[in-house]
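Worksheet: the structure to be examined is printed underneath.
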Amino acid sequence: YGPSLDQELGYESIENGLLKLSRSVERRNSSIQTNLDMLPEVSERLLLIAGLPRISRWTDLRVSALRELWRKSRANFDVVITDIGGVLEIDHSLIHETSIPKRHAASLTALDSAQVTLICARADSVGLARLVRGYLEFHELFAKTEVHVLLWGVTSQAQSKDVRAAVSRHTGLESIYETQYDFQAMQKALAQNTFVGRLDAKHAIAKEFELLATTIFKSVEVQKKSFT
């Protein structure tokens, strides 16, 4: 879907990490570890694997290679965060065939490998409708993961109460977080290729994300212990 995180973080010319790593996995050579070790550090202890350079390159990504890439990533790092496209379609053949490319292979294999899934939506009628339809239509994708919801753009306590109730009523999900609407703060961070929390650690948005991250990290740690 034309990834943008690398550009938003000031890495417009970054080498295409996802495709290069996938090809290293397919070749089964030692360069995969070298490539993981050489990833750019966009913030303290935060490394970046860039997405595809062009949407049309999805045909170069193979299901089997992606699954192995997620496995190797989880083995190399404490936490792996995958930002996937906002549009999904169920491809039942994904389970049975691994030799041919799939248009949504990166998103679907990431969800299949995930311990925790965070669904983001705009806190208005359009955003909520898309969230509810998407969750109900693709509920199979989230069956094996712990699901949280992040509603962004909340402007008042009354709106917060209404949108939370709507999400819970229609999806059954109870773990719901929210961020306030602050256009200027977000634009300033985007203009400087950084995060709101880096510009103002005490900003409400930074605190909201800190709470969410802490909750998810504790959950991941608990799940890790249960597997050992």
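Quick notes on this one:
- Carbon plus sulfur fraction of accessible area for the range 185-224, probe 1.4 Å, in percent: 62 percent
- Restricting attention to the chain, lysine pairs at least eight places apart or on different chains and with alpha-carbon atoms under 25 angstrom apart total 17.
- The chain: antiparallel DSSP beta bridges as a percent of all, rounded to 5: 15 percent
- Inter-part distance where the range 105-155 and the range 55-76 are each reduced to a Cα centre, Å: 21 Å
- Degrees separating the helix 204-227 axis from the principal Cα axis of the chain, which is the longest one: 50 degrees
- 5 angstrom amide H check on Val147, placed H, neighbours 5+ away: Thr117
- Axis of helix 17-27 versus longest Cα principal axis of the chain: the two differ by about 40°, to the nearest ten degrees.
The values are calculated or read from the model by the stated rules, or taken from the named source; none is laboratory data. Since the model is a prediction, treat every value here as computed from it, not as a measurement. To get the accessible areas, we keep the full protein, side chains included, count just its heavy atoms, and leave off ligands, DNA and RNA. Shrake-Rupley method; radii C 1.70, N 1.55, O 1.52, S 1.80 Å.
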